[in-house]
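The values are calculated or read from the model by the stated rules, or taken from the named source; none is laboratory data. Quick caveat: nothing in here was measured; it's all calculated off a predicted structure. Cβ sites come from the backbone with ideal geometry, for glycine too, and all protein chains shown count toward neighbours. Only protein heavy atoms, including side chains, enter the accessible area calculation; ligands, DNA and RNA are left aside. Shrake-Rupley method; radii C 1.70, N 1.55, O 1.52, S 1.80 Å.
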Amino acid sequence: MIGKLADKIIFGTALIIALQVPQLADHYQQFLSGLYESTKWQVDGYEATAKQHEYPDLRAMINHHLENDDASVRTDATQKLYTLELYDELTNGVIVFEEGNLLDKAIYMFNPARYGNLEKTVSNFKLGIPLTLNGIAFGVIVGLLINYIITLPFILWTRRKNHL
């Protein structure tokens with residue numbers, strides 16, 4: 001009796017948590033898209049400057065500025081290089097969220113290298129239930145898996161105890 005109740009509580013909790021992942025993915029995609037657009041705006045400005053000053057491309061301008069004698073120019077070039085690398089990373093993320101499935105999105109979001117973005121997203125996140133079939137299916141499947149993983153040691157222990 002207590003075991004069945006515990007099993008239901010574990011499954012219910014796991015289901016509620018798993019159902020949040022699709023919602024969180026939607027919020028994360030909105031955050032990522034905003035960050036991508038603002039970074040793209042900066043990179044577009046850098047590219048226009050490179051073109052205006054007849055550099056073959058933005059990286060050539062940055063590399064030239066990294067070799068400059070003036071420390072402020074080198075620092076500015078380093079910041080531009082960081083922004084360009086961020087833009088490339090964000091571009092990959094936007095592709096994952098536009099073309100990937102929910103599992104791909106979850107793996108991208110929960111990558112330890114991106115915890116900062118996840119924390120910012122979670123700070124504005126409200127609990128909810130996904131309204132898509134994929135979101136609900138993901139929640140049920142993950143909820144069942146988590147429930148099974150948590151209860152498996154108890155099931156095995158009970159079976160072993162009954163066989164003795």
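Ignoring ligands, DNA and RNA, what percent of the 1.4 Å accessible area of the chain is carbon and sulfur? Carbon plus sulfur share of accessible area: 62 percent. Of all lysines in the structure, the ones whose alpha carbon falls short of 20 Å from that of K161, not counting any fewer than 8 places away in one chain, are K4.
Across the stretch 123-128, coupling constants 3J(HN,Hα) worked out from phi with the 6.51/-1.76/1.60 Karplus curve, θ = phi - 60°, read 4, 10, 7, 10, 4, x Hz, and Gly and Pro carry x.
Rounded, prolate or oblate for the stretch 1-94? Axes are the square roots of the Cα gyration tensor eigenvalues, ordered a ≥ b ≥ c, and the cut-off for rounded is a/c under 1.5. Taking the square roots of the gyration eigenvalues as a ≥ b ≥ c, the stretch 1-94 is prolate. Summing charges over neighbours of Y108, with a neighbour being any other residue whose Cβ is under 11 Å away from its Cβ, gives 0 when K and R count +1 and D and E count -1. Under the criterion of Cα pairs below 8 Å and six or more residues apart, the relative contact order for the chain equals 44 percent. Remark on the stretch 19-164: Rg and Dmax equal 23.0, 83 Å (Cα only). Helical runs assigned H by DSSP (4 residues or longer) give the chain a calculated mean residue ellipticity at 222 nm of -29000 deg cm²/dmol, each run adding -39500 (n - 2.57) before division by the residue total. Once backbone amide H atoms are built at 1.01 Å from N, G128 has no partners under 5 Å, excluding neighbours fewer than 5 places away on the same chain.
In a DSSP loop and with at most 13 other Cβ atoms within 10 Å, the GluC sites (Glu not before Pro) in the stretch 1-61 are E54. Taken one residue at a time, the phi angles of the stretch 130-135 give Karplus couplings (6.51, -1.76, 1.60, θ = phi - 60°) of x, 9, 10, 4, 4, x Hz. Gly and Pro are set to x.
For the pairs K40/K80; K8/K120; K105/K126, flag any whose C-alpha to C-alpha distance is greater than 21 Å. Those over the limit are K8/K120.
The HN-Hα couplings worked out from phi for the stretch 102-116 by the Karplus form 6.51 cos²θ - 1.76 cosθ + 1.60 (θ = phi - 60°) are 5, 5, 4, 5, 5, 4, 5, 5, 8, 5, x, 5, 10, 4, x Hz, whole numbers, x standing for Gly and Pro.
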